[in-house]
Amino acid sequence: MPTTDVFKKDLLIGKIAFVTGGGSGICKGMTEALLRHGAKAFIIGRSQDRLDKAAEELKTKTGGQIAGTAADVRDPEQVEKAVGKAIELFGKIDILVNGAAGNFLASFENLSYRAFRTVIEIDLLGTFNVTKACFPHLKKSRGCVINVSATHHYSDSISKPMLIFLLSFDQIRSRSLAVELGPLGIRVNVIAPGPIADTEGMHRLLPAADTERLIQGSPLQTLGKIQDIEYATVFLTSDAARNISGHILVVDGASWLRQPDL
Ligand code: HXC
(Lines give C-alpha, C1' and ligand atoms only; values in the text may rest on other atoms or scores of the structure.)
Protein backbone atom coordinates (compact mmCIF):
# COMPACT_ATOMS: atom_id res chain seq x y z
CA MET A 1 0.00 0.00 0.00
CA PRO A 2 1.57 3.36 -0.98
CA THR A 3 2.33 5.74 1.89
CA THR A 4 -0.18 8.17 0.39
CA ASP A 5 -2.96 5.63 1.03
CA VAL A 6 -2.10 5.78 4.72
CA PHE A 7 -1.16 9.43 5.26
CA LYS A 8 -2.73 12.57 3.77
CA LYS A 9 -1.02 13.53 0.51
CA ASP A 10 -0.51 17.16 1.53
CA LEU A 11 1.06 16.36 4.90
CA LEU A 12 4.46 17.87 4.05
CA ILE A 13 3.52 20.60 1.61
CA GLY A 14 5.84 23.61 1.91
CA LYS A 15 8.62 21.55 3.53
CA ILE A 16 12.12 21.29 2.12
CA ALA A 17 14.13 18.15 2.82
CA PHE A 18 17.92 17.70 2.62
CA VAL A 19 18.78 14.01 2.34
CA THR A 20 22.29 12.53 2.43
CA GLY A 21 22.63 9.23 0.62
CA GLY A 22 19.34 10.05 -1.11
CA GLY A 23 20.51 8.66 -4.46
CA SER A 24 20.13 5.01 -3.54
CA GLY A 25 18.66 2.36 -1.29
CA ILE A 26 16.68 3.16 1.83
CA CYS A 27 17.34 6.90 1.61
CA LYS A 28 16.06 7.06 -1.95
CA GLY A 29 12.86 5.47 -0.63
CA MET A 30 12.71 8.02 2.19
CA THR A 31 13.13 10.82 -0.36
CA GLU A 32 10.33 9.37 -2.50
CA ALA A 33 8.00 9.28 0.51
CA LEU A 34 8.78 12.91 1.37
CA LEU A 35 8.10 13.98 -2.24
CA ARG A 36 4.84 12.04 -2.37
CA HIS A 37 3.57 14.05 0.56
CA GLY A 38 4.37 17.43 -0.95
CA ALA A 39 7.90 18.15 0.28
CA LYS A 40 10.67 19.23 -2.09
CA ALA A 41 13.99 17.45 -1.79
CA PHE A 42 17.69 18.12 -2.24
CA ILE A 43 19.81 14.96 -2.23
CA ILE A 44 23.56 14.51 -1.89
CA GLY A 45 25.87 11.54 -2.42
CA ARG A 46 29.28 10.82 -3.88
CA SER A 47 28.22 10.15 -7.47
CA GLN A 48 26.57 12.90 -9.51
CA ASP A 49 25.51 10.34 -12.08
CA ARG A 50 23.65 8.27 -9.49
CA LEU A 51 22.01 11.38 -8.04
CA ASP A 52 20.87 12.55 -11.48
CA LYS A 53 19.35 9.17 -12.26
CA ALA A 54 17.60 9.01 -8.88
CA ALA A 55 16.26 12.57 -9.23
CA GLU A 56 14.91 11.81 -12.68
CA GLU A 57 13.27 8.59 -11.50
CA LEU A 58 11.68 10.19 -8.44
CA LYS A 59 10.48 13.20 -10.45
CA THR A 60 8.72 10.88 -12.87
CA LYS A 61 7.25 8.72 -10.10
CA THR A 62 6.01 11.50 -7.82
CA GLY A 63 5.81 14.68 -9.89
CA GLY A 64 7.72 16.33 -7.04
CA GLN A 65 10.56 18.85 -7.16
CA ILE A 66 13.99 17.37 -6.54
CA ALA A 67 17.61 18.26 -7.25
CA GLY A 68 20.95 16.92 -6.12
CA THR A 69 24.64 17.61 -6.08
CA ALA A 70 27.66 15.43 -5.48
CA ALA A 71 29.26 15.98 -2.09
CA ASP A 72 31.16 13.72 0.30
CA VAL A 73 29.85 14.03 3.86
CA ARG A 74 33.44 13.61 5.10
CA ASP A 75 34.39 16.99 3.67
CA PRO A 76 32.86 19.98 5.52
CA GLU A 77 33.67 22.31 2.61
CA GLN A 78 31.78 20.14 0.09
CA VAL A 79 28.91 19.81 2.54
CA GLU A 80 28.70 23.60 3.11
CA LYS A 81 28.65 24.13 -0.67
CA ALA A 82 25.87 21.58 -1.14
CA VAL A 83 23.78 23.16 1.62
CA GLY A 84 24.37 26.54 -0.05
CA LYS A 85 23.06 25.14 -3.34
CA ALA A 86 19.96 23.75 -1.63
CA ILE A 87 19.28 27.13 -0.03
CA GLU A 88 19.84 28.92 -3.34
CA LEU A 89 17.32 26.63 -4.99
CA PHE A 90 14.68 26.14 -2.30
CA GLY A 91 15.35 28.96 0.21
CA LYS A 92 15.24 26.89 3.40
CA ILE A 93 15.64 23.46 5.01
CA ASP A 94 12.95 21.99 7.26
CA ILE A 95 13.92 18.32 7.28
CA LEU A 96 17.41 16.81 7.42
CA VAL A 97 17.88 13.09 6.82
CA ASN A 98 21.38 11.86 7.68
CA GLY A 99 21.34 8.67 5.65
CA ALA A 100 24.82 8.44 4.11
CA ALA A 101 26.69 5.55 5.66
CA GLY A 102 29.79 3.48 5.08
CA ASN A 103 30.04 0.12 6.79
CA PHE A 104 31.51 -3.31 6.40
CA LEU A 105 32.23 -6.23 8.64
CA ALA A 106 35.83 -6.75 9.64
CA SER A 107 37.64 -8.28 12.56
CA PHE A 108 39.96 -6.11 14.62
CA GLU A 109 42.90 -8.07 13.25
CA ASN A 110 41.97 -7.34 9.65
CA LEU A 111 40.92 -3.74 10.12
CA SER A 112 43.53 -1.33 8.78
CA TYR A 113 44.14 2.13 10.23
CA ARG A 114 42.63 3.67 7.14
CA ALA A 115 39.59 1.40 7.11
CA PHE A 116 38.73 2.29 10.70
CA ARG A 117 39.18 6.00 10.01
CA THR A 118 37.02 5.76 6.89
CA VAL A 119 34.01 4.40 8.78
CA ILE A 120 34.37 6.94 11.60
CA GLU A 121 34.65 9.74 9.05
CA ILE A 122 31.54 8.74 7.13
CA ASP A 123 29.20 7.62 9.91
CA LEU A 124 30.21 9.82 12.79
CA LEU A 125 31.92 12.92 11.39
CA GLY A 126 29.68 12.87 8.30
CA THR A 127 26.55 13.10 10.43
CA PHE A 128 28.16 15.90 12.45
CA ASN A 129 29.33 17.82 9.36
CA VAL A 130 25.94 17.80 7.66
CA THR A 131 23.96 18.58 10.82
CA LYS A 132 26.35 21.44 11.59
CA ALA A 133 26.03 22.90 8.08
CA CYS A 134 22.23 22.62 8.12
CA PHE A 135 21.86 23.88 11.67
CA PRO A 136 21.39 27.62 10.95
CA HIS A 137 18.61 26.72 8.51
CA LEU A 138 16.97 24.19 10.85
CA LYS A 139 17.07 26.84 13.57
CA LYS A 140 15.21 29.27 11.32
CA SER A 141 12.61 26.72 10.28
CA ARG A 142 12.33 24.97 13.68
CA GLY A 143 12.94 21.85 11.64
CA CYS A 144 13.66 18.21 12.34
CA VAL A 145 16.49 15.72 11.88
CA ILE A 146 16.32 11.98 11.24
CA ASN A 147 19.52 9.98 11.67
CA VAL A 148 19.40 6.60 9.98
CA SER A 149 21.03 3.86 12.03
CA ALA A 150 20.75 0.08 12.35
CA THR A 151 19.93 -2.54 14.97
CA HIS A 152 23.23 -4.45 14.99
CA HIS A 153 24.57 -2.78 18.08
CA TYR A 154 21.61 -3.48 20.35
CA SER A 155 23.03 -6.66 21.77
CA ASP A 156 26.43 -7.36 23.24
CA SER A 157 27.05 -10.47 21.21
CA ILE A 158 30.76 -11.09 21.23
CA SER A 159 30.56 -12.59 17.76
CA LYS A 160 30.12 -9.14 16.27
CA PRO A 161 33.01 -7.29 14.72
CA MET A 162 33.88 -4.17 16.66
CA LEU A 163 32.85 -1.72 13.96
CA ILE A 164 29.24 -2.42 14.68
CA PHE A 165 29.53 -1.04 18.18
CA LEU A 166 30.58 2.28 16.78
CA LEU A 167 27.15 2.78 15.31
CA SER A 168 25.80 3.37 18.79
CA PHE A 169 27.69 6.67 19.06
CA ASP A 170 25.33 7.97 16.46
CA GLN A 171 22.41 7.26 18.73
CA ILE A 172 23.99 8.75 21.83
CA ARG A 173 24.71 11.91 19.89
CA SER A 174 21.16 12.03 18.53
CA ARG A 175 19.80 11.99 22.06
CA SER A 176 22.08 14.73 23.35
CA LEU A 177 21.27 16.86 20.30
CA ALA A 178 17.56 16.38 20.92
CA VAL A 179 18.06 17.81 24.40
CA GLU A 180 20.30 20.67 23.32
CA LEU A 181 18.31 21.71 20.26
CA GLY A 182 14.85 21.10 21.71
CA PRO A 183 14.52 24.66 23.07
CA LEU A 184 15.08 25.90 19.49
CA GLY A 185 12.12 23.84 18.32
CA ILE A 186 14.33 21.32 16.51
CA ARG A 187 13.41 17.64 16.88
CA VAL A 188 16.08 14.94 16.46
CA ASN A 189 15.12 11.29 16.06
CA VAL A 190 16.68 8.06 14.85
CA ILE A 191 15.18 5.44 12.58
CA ALA A 192 16.87 2.08 13.11
CA PRO A 193 15.96 -0.33 10.31
CA GLY A 194 16.36 -4.04 10.86
CA PRO A 195 17.22 -6.24 7.87
CA ILE A 196 15.61 -4.66 4.80
CA ALA A 197 15.32 -6.77 1.67
CA ASP A 198 17.45 -5.88 -1.37
CA THR A 199 19.53 -3.18 0.24
CA GLU A 200 23.24 -2.43 0.46
CA GLY A 201 23.04 -2.62 4.24
CA MET A 202 21.63 -6.14 4.14
CA HIS A 203 24.36 -7.27 1.73
CA ARG A 204 27.08 -5.67 3.81
CA LEU A 205 25.97 -6.31 7.38
CA LEU A 206 24.27 -9.68 6.94
CA PRO A 207 26.20 -11.07 3.98
CA ALA A 208 25.41 -14.71 4.70
CA ALA A 209 21.83 -14.15 5.84
CA ASP A 210 19.35 -16.85 5.08
CA THR A 211 16.16 -14.97 4.25
CA GLU A 212 13.91 -17.80 5.35
CA ARG A 213 15.62 -17.97 8.75
CA LEU A 214 15.28 -14.21 9.18
CA ILE A 215 11.56 -14.38 8.45
CA GLN A 216 10.96 -17.36 10.74
CA GLY A 217 12.96 -15.72 13.50
CA SER A 218 11.07 -12.45 13.27
CA PRO A 219 8.16 -12.14 15.73
CA LEU A 220 6.08 -10.53 12.97
CA GLN A 221 7.33 -13.20 10.53
CA THR A 222 8.45 -10.66 7.97
CA LEU A 223 11.54 -9.32 6.31
CA GLY A 224 11.58 -5.51 6.25
CA LYS A 225 10.84 -3.53 3.10
CA ILE A 226 12.12 -0.08 2.18
CA GLN A 227 8.50 1.02 2.34
CA ASP A 228 8.44 0.31 6.08
CA ILE A 229 11.11 2.99 6.52
CA GLU A 230 9.10 5.31 4.27
CA TYR A 231 6.09 5.09 6.61
CA ALA A 232 8.30 5.85 9.62
CA THR A 233 9.83 8.82 7.79
CA VAL A 234 6.49 10.40 6.92
CA PHE A 235 5.27 9.96 10.48
CA LEU A 236 8.40 11.37 12.15
CA THR A 237 8.66 14.38 9.83
CA SER A 238 4.98 15.25 10.09
CA ASP A 239 3.16 17.23 12.76
CA ALA A 240 1.84 13.95 14.11
CA ALA A 241 5.28 13.58 15.73
CA ARG A 242 5.47 17.17 17.01
CA ASN A 243 6.18 16.05 20.58
CA ILE A 244 8.54 13.21 19.66
CA SER A 245 12.26 13.92 19.92
CA GLY A 246 15.27 11.96 21.12
CA HIS A 247 13.47 8.80 20.09
CA ILE A 248 14.93 5.74 18.39
CA LEU A 249 12.27 4.18 16.22
CA VAL A 250 13.25 0.57 15.54
CA VAL A 251 11.56 -0.74 12.41
CA ASP A 252 12.25 -4.45 12.40
CA GLY A 253 9.17 -6.40 13.50
CA ALA A 254 10.80 -6.92 16.94
CA SER A 255 13.49 -9.08 15.32
CA TRP A 256 16.43 -7.77 17.37
CA LEU A 257 14.67 -8.82 20.57
CA ARG A 258 14.48 -12.39 19.35
CA GLN A 259 17.55 -12.65 17.12
CA PRO A 260 20.27 -10.73 18.96
CA ASP A 261 22.83 -11.48 16.27
CA LEU A 262 21.06 -9.33 13.67
C1 HXC B 1 38.06 -4.54 5.57
C2 HXC B 1 37.82 -2.73 4.16
C3 HXC B 1 36.62 -3.29 3.61
C4 HXC B 1 36.17 -4.56 4.12
C5 HXC B 1 37.00 -1.39 2.63
N6 HXC B 1 37.99 -1.56 3.51
N7 HXC B 1 36.14 -2.43 2.67
N8 HXC B 1 38.52 -3.34 5.13
N9 HXC B 1 36.93 -5.13 5.10
N10 HXC B 1 35.09 -5.15 3.68
C11 HXC B 1 39.11 -0.65 3.75
C12 HXC B 1 39.95 -0.49 2.50
O13 HXC B 1 40.82 -1.56 2.32
C14 HXC B 1 40.69 0.82 2.82
O15 HXC B 1 41.74 0.63 3.72
C16 HXC B 1 39.66 1.63 3.59
O17 HXC B 1 38.67 0.67 4.05
C18 HXC B 1 38.95 2.64 2.72
O19 HXC B 1 38.37 1.98 1.60
P20 HXC B 1 38.11 2.73 0.22
O21 HXC B 1 37.38 1.81 -0.65
O22 HXC B 1 39.38 3.33 -0.29
O23 HXC B 1 37.24 3.97 0.71
P24 HXC B 1 35.95 4.61 0.11
O25 HXC B 1 35.93 4.55 -1.38
O26 HXC B 1 35.81 5.91 0.74
O27 HXC B 1 34.79 3.61 0.58
C28 HXC B 1 34.16 3.72 1.78
C29 HXC B 1 33.73 2.37 2.29
C30 HXC B 1 32.90 1.61 1.26
C31 HXC B 1 32.96 2.53 3.60
C32 HXC B 1 34.99 1.59 2.57
O33 HXC B 1 32.52 0.37 1.76
C34 HXC B 1 31.69 2.37 0.79
O35 HXC B 1 31.79 3.24 -0.04
N36 HXC B 1 30.51 2.10 1.31
C37 HXC B 1 29.31 2.88 0.94
C38 HXC B 1 28.06 2.16 1.03
C39 HXC B 1 27.81 1.58 2.39
O40 HXC B 1 28.69 1.12 3.09
N41 HXC B 1 26.61 1.52 2.76
C42 HXC B 1 26.23 0.97 4.02
C43 HXC B 1 24.81 0.99 4.07
S44 HXC B 1 24.02 0.19 5.46
P45 HXC B 1 43.28 0.40 3.23
O46 HXC B 1 44.07 0.38 4.49
O47 HXC B 1 43.30 -0.93 2.51
O48 HXC B 1 43.62 1.56 2.32
C49 HXC B 1 24.54 0.83 6.84
C50 HXC B 1 23.57 0.73 7.98
C51 HXC B 1 24.08 1.35 9.22
O52 HXC B 1 25.58 1.34 6.90
C53 HXC B 1 24.03 2.85 9.26
C54 HXC B 1 24.50 3.43 10.54
C55 HXC B 1 25.22 4.75 10.47
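The values are calculated or read from the model by the stated rules, or taken from the named source; none is laboratory data. These numbers come from a predicted model, not from an experiment. Reconstructed Cβ throughout: ideal geometry from the backbone, glycine too, with neighbour counts over all protein chains shown.
Is it fair to say residue 224 is surrounded by fewer than 16 Cβ atoms within 10 Å (Cβ to Cβ), in contact (Cβ under 8 Å) with a residue 24 or more places away in the chain and not hydrophobic (A, V, I, L, M, F, W, C)?
no
Being surrounded by 14 or more Cβ atoms within 10 Å (Cβ to Cβ) and in a strand (DSSP E or B) narrows it down to one residue among 129, 147; which is it?
Only one candidate qualifies: 147.
Among the candidates 114, 46, 74, 50, which residue alone is surrounded by fewer than 16 Cβ atoms within 10 Å (Cβ to Cβ) and of a type in the set (Lys, Arg)?
On the way: 46 fails: surrounded by fewer than 16 Cβ atoms within 10 Å (Cβ to Cβ); 74 fails: surrounded by fewer than 16 Cβ atoms within 10 Å (Cβ to Cβ); 50 fails: surrounded by fewer than 16 Cβ atoms within 10 Å (Cβ to Cβ).
The match here is 114.
From the list 32, 57, which residue is closer than 16 Å to residue 233 by Cα and touching a helix residue (DSSP H, G or I) at 6+ places or on another chain (Cβ under 9 Å)?
32
State all residues of region 221-245 that are closer than 20 Å to residue 9 by Cβ and not in a helix (DSSP H, G or I); if no residue qualifies, say none.
238, 242
Out of all the residues in region 190-220, which are within 16 Å of the ligand (Cβ to nearest atom), modelled with pLDDT of 90 or more and either part of a helix (DSSP H, G or I) or out of contact with any strand residue (DSSP E or B) (no Cβ under 7 Å at 6 or more places or on another chain) (or both)?
Matches in region 190-220: 198, 199.
I want to confirm something. Restricting to region 77-126 and keeping residues that are assigned to a helix (DSSP H, G or I), within 14 Å of the ligand (Cβ to nearest atom) and among the acidic types (Asp, Glu), which single residue is modelled with the highest pLDDT?
Result: 121.
Could you name every one of the helices (runs of 4 or more DSSP H) located completely within region 1-68 that has at least 3 residues being among the charged types (D, E, K, R)?
Correct list: 25-36, 48-62.
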